[in-house]
Every structure is written in structure tokens, then in C-alpha cells.
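Worksheet: one structure, shown below.
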Amino acid sequence: MLLPWLVTCLVGCAVILSPVSEGCGPGRGYGKRRSSRKLAPLAYKQFSPNVAEKTLGASGRYEGKITRNSERFKELTPNYNPDIIFKDEENTGADRMMTQRCKDKLNSLAISVMNLWPGVRLRVTEGWDEDGHHSEESLHYEGRAVDITTSDRDRNKYAMLARLAVEAGFDWVYYESKAHVHCSVKSEHSVAAKSGGCFPGGAWVTLEDGSKRLIRDVRPGERVLASSASDGSGALVYSEVLTFLDRDPATRKQFYSIRTESGATLPLTAAHLLFVSEGNCSEGAEPTPGSMRTIYASDARLGQCVLTTVASEGVRQGEESMKGAGRFSRISRVSVHEDVGVYAPLTRHGTLAVNGVVASCYAVVDGHGLAHWAFAPLRLLYHWTGFAGSHFGDTGVHWYSQLLYWIGSLLLDSEHFHPWGLTDPGR
């Protein structure tokens, strides 16, 4: 009974104290507007946040070295910001290579440096390391870490430089040496997972008049095709959209594309929950109660069956449910691609059909039922007020999702979460 009480208390506090929304976009303007307070420099050997670099509360676990010949090299992007000096002692341009998140934070920091010290620029002494010059499992090998100074190499500035890096949004900052400050960020995979499972803006849903609408154009209050059962096997219904758990039209993400033998293709992020058959399935058959379970999109395999919404024609506007449930269709292909825009609508039933495939509204945690229960207070808030704590048009992760993520990280073991979303603090 501890968890329900904690959820109730924390939700109450969050409703009163939390901002309406918190952006997830990178660079200047990220997140909450910072107060005009006096910034305190970091002390020598201090790191922020006060946890180990490769743990949940900081930059997360090491995911493996990236080389120029590896598939993951495409995760890195060059930074040609003229306001940043790159030492590039190898003369290979390696110091300019970094993940997009690291690039965004570094560019934001460069602006802060110029604002605080006119005529001084940010300087990067170490970036991506392809030569093995750092310790084992260093985040430099993934393009997620940089060592920085100021262009004038005034060591009296480095304590404040470290503070500026914290304010710029780096996930871990360490005043490591009198000669430099070390900064690192979470992996793109981890950020994608933490931002909640999403669909691309070009995916579509079915409205109760039978028409299709792009998910980026859906509005809270509209009713979309969904499943009435917590395992996706129930009757198809039109469920009201309460809010968006994540919404960012501009961000670019990787999506798993799940294609079925019936021709349906569902794109969704790695940590999003998808309903699949528990055992053997026949193409075109209706599911029986309890025959479905949820998996992460990144765990989808050929031969598994998902639910497709066939024969949706003829449903009358305003009709609560369709006859029957979705139909099984085997997964024939799983691929990964990039797309622009991330959208995660939350419906009253916690499910929705996207591109004709039934999926959960939830992500990161390993069970749809647990996630749906955890969002009950938000549904209750909507029932009482007609408002789910976020205005349409706000971008970023919904504050309630962030609250649950924080609670989950305190109370649940890491195996309950997608590996790209949480890192075991004990490792």
C-alpha cells in the first residue's frame, strides 16, 4: 500500500507546484525558465548532480565504443559552431564529432560563455575519442563527453564555467582538473525512452466518424479508435484523447517500424509498449481474452502477432464500440528509420490504434496494466476538471510522466524498465 499512498501525495504536490509543461527540446530555452539568481561556481573536484556519471541520475550507462566503421557512427554529428574553438590535436576532426544532445548542450553553453565573458569563447580540448586515450568505458568513446576550457585559458574562470555547463543542461558536470571541466550527456536512446514512447507526426489514427487524421493534428477531446481491454484484446471502442504525454513537432528520433503480413506498418519508439500474442496465432483470427501481452517495440520479432483494426467501415458516429476486437496479423518485418516529430497521445482507455495497429499509450515501464494504473490520478483529474494538466500546443514531456518516472526510479528495480530508459544505480 506504500506506492499508492506515495503516488497520491506526490501527485497532489505536483498539481500544486509543477509547471504546466516542461520542454524537451535542446538548446536555449530548454525546460523551465531559469530564475535570475546568482550562480554559484562549482568547487574543485565537485560534480553535479552528486551521483556517479554512469548512473540513472546522471548520464547513464556506457553503451559501447563508436568507431568510424561501426553502424553507430551515424549517431554522431559534427559541430562547426564558430563560437567554439576545437583543439583537434589529432587533426582528424574527431573533437567536433558528438551526439546531437551533446552538440545542443555545448552550443547553449557557448552562448552563456560569451554572455558572461565578452570576447571569450568556449574551447573543447577533448571530444569523441577514436584512439583509446581514455579510461575503459569512457563516454568520450561514444561522443557523449567533452572536456572544456575557455579560449583565454584563464583557470580562474573554470569553476564558473562548470556552473554554466550545469545550467546549459549537461547531464553530468565534473570540475575534474585545474586544467579543464568534464561534461557528459545521456545517450540518445536513453533520452528517447525517458521522453516516453512516441509515434511520428505522420502516423494516423481513426476518428469516430471513420475518417483518418495525422497524429500531429489530433486534439484533446477528440475520440479515436482504441481497444477497451487492458491487454488490447477487447472490443474496439472510440476513446477520448485526454492530453499528450509527449509532444515535440521539431525533434528527430529513431523509430522501430513494425510491418505485418496484412500490410499495416506501425512506427513507434524503442521503449513504447506494443500488444503481441502470448502464444501461437493465426493470421486474421480474433484474440481471446488474456491472449495478449505487452513488449517493448525494440523486442518485436518476426512471427509474433499484433492486432490490426480491420473492417472499421460502417461504424456509426457516436457508437461506443465496434463489433468484435482487432484481428491477428503476423509481423513480417522490423526495421529502424528516422522521422521528425514525436507525439504520445493519452486516451481514456490507455490504448489506441495507430496506422491500423493496436498499441498501448505507455512506454518505458514493462507492463501496460501497471502504467495504466499509475495514470489513474491524471484520468481522475481530467474527469473532475476537463483538464489533464497540460495545454495543447505545449511541447515536451508531460510533468506527470516525469513525476512517475522519478517515483519509479526510487521504488522499482531497473528490470521493470526499458534498458534505454533507466540505468541500474548499482552498476
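Bear in mind that the values in this text are calculations on the coordinates, not laboratory data. Please read these numbers as outputs of a predicted model, since none were measured by experiment. Note that we place each Cβ from the backbone using ideal geometry, even for glycine, and neighbour counts take in every protein chain shown.
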With charges set only on the Cβ (+1 for Lys and Arg, -1 for Asp and Glu), what does the dipole of the stretch 38-186 come to about its Cα centre, in debye to the nearest 20?
540
Summed residue charge, Cβ within 12 Å of Ser177's Cβ, Lys/Arg positive, Asp/Glu negative
0
Taking placed amide H atoms and a strict 5 Å upper bound, the residues 5 or more places from Met292 or on another chain that come that close are Glu278
Based on other C-beta atoms within 10 Å, arrange Lys103, Lys65, Lys87 from fewest to most.
Lys87, Lys65, Lys103
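If we count every other residue with Cβ under 15 angstrom of Glu89's Cβ, Lys/Arg +1 and Asp/Glu -1, where does the sum land? List each step's numbers first, then the result.
On the way: positive: Lys87, Arg96, Arg123, Arg153; negative: Asp88, Glu90, Asp95, Glu126, Asp129, Glu130, Asp131, Asp147.
Local charge sum for Glu89: -4.
Arrange the following residues from fewest to most other Cβ atoms within 10 Å of their Cβ: His349, His272, His368.
On the way: His349 20, His272 30, His368 25.
Ascending number of Cβ neighbours within 10 Å: His349, His368, His272.
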For labels at Thr92 and Val334 in the simple 7 Å Cα→Cβ model, what's the distance in nm?
3.3
Given the peptides 156-167, 329-340, 354-365, arrange them by the average over their residues of other C-beta atoms within 10 Å, most packed first.
354-365, 156-167, 329-340
Which order do the peptides 44-51, 141-148 come out in when sorted by mean C-beta neighbours inside 10 angstrom, highest first?
141-148, 44-51
Amide hydrogen neighbours beyond the local backbone of Arg121, cut-off 5 Å, H modeled
Ser151, Asp152
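What is the sum of charges around Val218, taking Lys and Arg as +1, Asp and Glu as -1, for the other residues whose C-beta is under 13 Å from the C-beta of Val218?
Working: positive: Lys212, Arg213, Arg216, Arg219, Arg223, Arg247; negative: Glu208, Asp217, Glu222, Glu240.
Charge balance in the 13 Å sphere: +2.
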Given labels modelled 7 Å from the Cα in the Cβ direction, how far is it in nm from Leu116 to Ala179?
2.2
Which FRET efficiency value, to the nearest 0.05, is calculated for Arg293 and Lys212 with the Förster distance at 41 angstrom and r the Cβ-Cβ distance?
0.90
Under 5 Å between amide hydrogens, which residues at least 5 positions from Ser262 or on another chain qualify, with H placed 1.01 Å from N in the peptide plane?
Arg330
Phi angles of the stretch 165-171, converted by Karplus (6.51 cos²θ - 1.76 cosθ + 1.60, θ = phi - 60°) into ³J(HN,Hα) in whole Hz with x for Gly and Pro, give 5, 4, 5, 6, x, 4, 7
